[in-house]
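Visitor: Before I ask anything, here is the structure I am working with.
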Amino acid sequence: MPAFLRNEKIRGILYQIITIVLFVGFLFYIAQNTAHNIEQRGIKTGFAFLHATAGFDITESPIPFTPASTHWEVFKVGLLNTLIVSFWGIVFSSLIGLVIGVWRLSPNWLINRIAAAYIETFRNIPVLLQILFWYNVVLATLPSTRHSINLFDTVFITNRGFFMPEFVFGDGSWMIGVALIVAVLAIVWLHRWAKRRQDLTGEQFPVFLTGVTLLIALPLLAYLIAGKPVTAVYPELHGFNFKGGKTFTPEFLALLFALSIYTATFIAEAIRSGIEAVPKGQKEAATSLGLSPLKQLRLVVLPQAVRIAIPSVINQYLNLIKNSSLAAAIGYPELVTIFAGTSLNQTGQALEILLITMLTYLLISLIVSLILNWFNAKMKIKER
Amino acid sequence: MAVYPPKPAKEPPLLERGPIAWVRHNLLSSPFNIAFTILGLAILYWTIPPFVKWAFLDANFAGHTKADCTGNGACWVFVKEKLNMFFFGFYPQDQLWRPKSVIAAILALVAFAKFVPGLHRFKLLLIVLFPVFAFIMLHGGYFGLPLVETSKWGGLLLTLVIASVGIILSFPIGILLALGRQSKLPIIKSLSVFYIEFVRGVPLITVLFMASVVLPLFFPEGVNFDKLARALIGITLFEAAYVAENIRSGFQAIPKGQYEAADALGLSYWQKMALVILPQAIKVTIPNLVGTFISLFKDTSLVMIIGLFDLLAMVNVTSNDRDWLGMDTEGYVFVAFIFWIFTFSMSMYSKRLERKLNTDKGK
């Protein structure tokens, strides 16, 4: 071995040079082959296709969309649908997860076991199978629109989806929004004021009750002052289908149900391990201070449990967003289904489209992990 | 002298012992608790009896055709008749002894490993040799075995092939990536970090699309991967990033003294890592690794979207048979049950390991 190779620094530099040469060489090899193959097959390159007409329709779109719209519009619709289903998925999975997680810790043996059975069942079945089961079995066997399950003439459950009333916001609805914001700000201020007063004088103030009252009363007052601008449009059966109101398609519902139920198992486990990770001594100390069980939970256990539970819960939210891409199997028009699916088949520009799709998900992941880092930094135990 | 034998202790009151006490403490300790118990019973009443009725009491087990399913319950005749499809896909009927003998060989090896103590020394050799044996048996083309194209593989067989190849291959790649991420060399480190974070930020389905649509463009004409190979590449490269993160978390649990001690012994980088650091890091992180492998096993079901006929895809295939239309409920329940058995036993195994590793630390 020549002498200079015995120097660790030089060896390190050498290794890196070799890596770079291999890596760049590999990239070059791939790029050359790809360029050649693309030319051979007559596939177009570049991002001009984004401005070309898509030529197909999308079954559900939050923004106006026609077959004359461009592929860029397809991308936007896909992303919006991904975000919509993810948002509701996050809401429902959090609710179910919270309930199941608390049940899992319940001293009641029966409830405890039911929660455990729920977790072990749904966590261990692939989420794609659950999506297909909801879509092909549960929702497909619901009654037809003619014989729909009718809940108080407002919600209709059929094999073509769920039909619900839709709220129409007329003139003056902005007053309700403003009232809501004012109420939230007032609660924040109230909370601070009450805490300062308690620190100074020891007197307590019923912040929670006042807050709830404010949150309900202010928007209600605004609603009345503005002259009841919000009206509900109810779905009505016309011929073979319902008109008016809000429609939730079976594709959306199957995806939403499966994702919520599946992700809820992981959220429940995260909540349970968070609460269980609080040392027993903390609870005993709280008891010896004379705190009631509810106050123990609120003031001692939860603040410590949240620090442990929230990061993994946020990770599960991210998983849910990524899993929403499985809609490709049932055709809910989200990013992967219509952009990386239909648009890709129409244009044949797989490389560009998949790159855009991946970068979009990457951006979402990045934003979520930024939130996570911010949370971790905020929640870090402050040692003095 | 008078003898005063001690009286036997009085038994606790009836309400405080045995099953009665257990019920009182665990189900009826407070009004709140009683309400919960009633809620629990209601849930059980709504879920268990209908399911038992459908799956067992009203179900049909005997017969060979759809006409034999007369009851209102499940038609297990369908699953029975299509069992070979669910397990082996389109594998030729007269060649089924081949996958069966591979599975028998796996079971025999596992049993041997438990009872023959010397076998552990050949572990690495087996891990290398067994896949070769399995491939020759399944794919054929050698030793007079007729060729069975991978497009004929399907069902549970394909799921297990994808899962095991994914696990075996993603492990070394994951280790290399984790080492790269720990490395002091900035270029190697940043390449590893970029790869790991990129892959972890995108859904598996996009990686699979990439592997199935774009990968063929990367290589010169004439180099053809079959569909299965492309899916395997996609899954392996995807899971490797997750394995790497698991192993990195193992690295973080190794005290600095271990590195210094290895350095002091004059071990080279690779000796230090292979003999001192990695064995400990992997041991610490085994429960996490099993968790990753469980999700890999569940993720194998995604290959159906790129057109492979894995266990889940077999539900569509079998229930689209004209003689068996409308049997997808049975199919899904059966397939869910098989997936569940595998993943649940893996998670039980990881829990047991976790407990075992915990006692080692004297906790």
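Visitor: Based on Cβ point charges of +1 for Lys and Arg and -1 for Asp and Glu, what charge dipole magnitude is obtained for region A:68-199 about its Cα centre, in debye rounded to the nearest 20?
Guide: Using only the charged Cβ atoms, the result is roughly 500 debye.
Visitor: Work out the mean other chain Cβ neighbour count within 10 Å for the residues of A:99-112 and drop it here as an integer.
Guide: Mean number of neighbouring Cβ atoms from other chains: 4.
Visitor: Still on this structure, I have one more. Looking only at B:Gly71, B:Gly257, B:Gly63, which one moves most when chain B is put into a Gaussian network model with springs between Cα atoms under 10 Å?
Guide: Answer for the Gaussian network model of chain B: B:Gly257.
Visitor: I'd like the mean, over residues of B:328-339, of how many other protein chain beta carbons sit within 10 Å of each residue's own Cβ.
Guide: That works out to 4 on average.
Visitor: Where is the GNM fluctuation largest for chain A (alpha-carbon springs, 10 angstrom cutoff): A:Val168, A:Val184, A:Val74?
Guide: Of A:Val168, A:Val184, A:Val74, the most mobile in the Gaussian network model is A:Val184.
Visitor: Follow-up. For labels at A:Leu221 and A:Thr53 in the simple 7 Å Cα→Cβ model, what's the distance in nm?
Guide: Going from the A:Leu221 label point to the A:Thr53 one covers 5.6 nm.
Visitor: If we count every other residue with Cβ under 11 angstrom of A:Glu236's Cβ, Lys/Arg +1 and Asp/Glu -1, where does the sum land? Can you show the working numbers first?
Guide: Numbers: positive: A:Lys243; negative: A:Asp153.
Local net charge: 0.
Visitor: Show me, for region B:27-33, the HN-Hα J-couplings you get by feeding each phi into the Karplus relation (A = 6.51, B = -1.76, C = 1.60, θ = phi - 60°), rounded to Hz, glycine and proline as x.
Guide: 10, 10, 5, 8, x, 4, 5
Visitor: Take the alpha carbon gyration tensor of the protein assembly as shown, find the square roots of its eigenvalues, order them as a ≥ b ≥ c, and report rounded if a/c is under 1.5; if not, report prolate when a/b exceeds b/c, else oblate. Each step should come with its number before you reach the end.
Guide: Working: a/c = 1.27, a/b = 1.14, b/c = 1.11.
Cα axes put the protein assembly as shown in the rounded bin.
Visitor: DSSP loop (so not H, G, I, E, B), at most 16 other Cβ within 10 Å: list which GluC sites (Glu not before Pro) in region A:314-384 pass both filters.
Guide: A:Glu383
Visitor: Please identify every one of the chymotrypsin sites (Phe, Trp or Tyr not before Pro) in region A:113-163 that sits in a loop by DSSP and has no more than 14 other beta carbons within 10 Å of its own beta carbon.
Guide: Of the chymotrypsin sites (Phe, Trp or Tyr not before Pro), the ones in loops of region A:113-163 whose Cβ has at most 14 other Cβ atoms within 10 Å are A:Phe152.
Visitor: Need one value for A:10-19: mean number of C-beta atoms belonging to other chains within 10 Å of its residues' C-beta atoms. Mind dumping the intermediate values first?
Guide: Values: counts 0, 2, 7, 2, 0, 4, 7, 1, 0, 5.
What the average comes to for A:10-19 is 3.
Visitor: Estimate the FRET efficiency between B:Leu57 and A:Ala3 by the formula 1/(1 + (r/R0)^6), using the beta-carbon distance for r and 60 Å for R0, to the nearest 0.05.
Guide: 0.10
Visitor: Okay, next question. Please report the net charge: other residues with Cβ closer than 14 Å to the Cβ of A:Trp189, K and R +1, D and E -1.
Guide: Local net charge: +4.
Visitor: Hydropathy first: keep DSSP H helices in chain A averaging at least 1.6 on Kyte-Doolittle, then drop any whose Cα extent along the axis falls short of 20 Å, and list what survives. Walk me through the numbers on the way to the answer.
Guide: Values: long enough: A:8-41 (49 Å, 0.53); A:71-104 (47 Å, 1.31); A:109-123 (21 Å, 0.44); A:174-201 (40 Å, 0.83); A:207-225 (26 Å, 2.41); A:250-276 (38 Å, 1.09); A:302-323 (30 Å, 0.46); A:350-379 (43 Å, 1.72).
Membrane-span-like by this criterion, though nothing is claimed about a membrane: A:207-225, A:350-379.
Visitor: Restrict the search to region B:99-207; then list the chymotrypsin sites (Phe, Trp or Tyr not before Pro) that DSSP places in a loop and that have at most 14 other Cβ atoms within 10 Å of their Cβ.
Guide: Working: sites: B:Phe112, B:Phe115, B:Phe122, B:Phe133, B:Phe135, B:Tyr142, B:Phe143, B:Trp153, B:Phe194, B:Tyr195, B:Phe198; in loops: B:Tyr142, B:Phe143.
Qualifying residues, ordered by number: B:Tyr142, B:Phe143.
Visitor: Please return the longest range in chain B lying between exposed loop sites, taking GluC sites (Glu not before Pro), DSSP loop only, at most 14 other beta-carbon atoms within 10 Å, and leaving the sites out.
Guide: For GluC sites (Glu not before Pro) (loop position, at most 14 other Cβ atoms within 10 Å), the longest site-free span of chain B is B:1-148.
Visitor: Next up: Taking the Cβ of A:Trp374 as the centre, find all other residues whose Cβ is under 15 Å away and add up their charges (Lys, Arg: +1; Asp, Glu: -1).
Guide: Charge balance in the 15 Å sphere: +3.
Visitor: Which of A:Lys246, A:Lys195, A:Lys228 moves the most in a Gaussian network model of chain A with Cα springs under 10 Å?
Guide: Comparing A:Lys246, A:Lys195, A:Lys228 in the GNM, the peak value goes to A:Lys195.
Visitor: Counting only helical runs of four or more DSSP H residues, what would the 222 nm mean residue ellipticity of the protein assembly as shown come to if each run contributes -39,500 (n - 2.57) and the total is spread over all its residues?
Guide: Result for the protein assembly as shown: -21000 deg cm²/dmol, rounded to the nearest 500.
Visitor: I'm a student and want to see the number: the projected area of the Cα convex hull of region B:125-273, averaged over all directions, in nm².
Guide: Mean shadow area of the hull around the Cα atoms is 12.2 nm².
Visitor: If you don't mind, another one. Once Rh for region B:156-360 is found with the Kirkwood sum over Cα pairs, what is the Stokes-Einstein diffusion coefficient at 25 °C and 0.890 mPa s, in µm²/s?
Guide: Diffusion coefficient, whole number: 129 µm²/s.
Just so you know, all these numbers are worked out from the coordinates, no wet-lab data involved. Fair warning: this is a prediction, and the values are worked out from it, not measured in the lab. All Cβ positions, glycine included, derive from the backbone under ideal geometry; neighbour counts span all protein chains shown.
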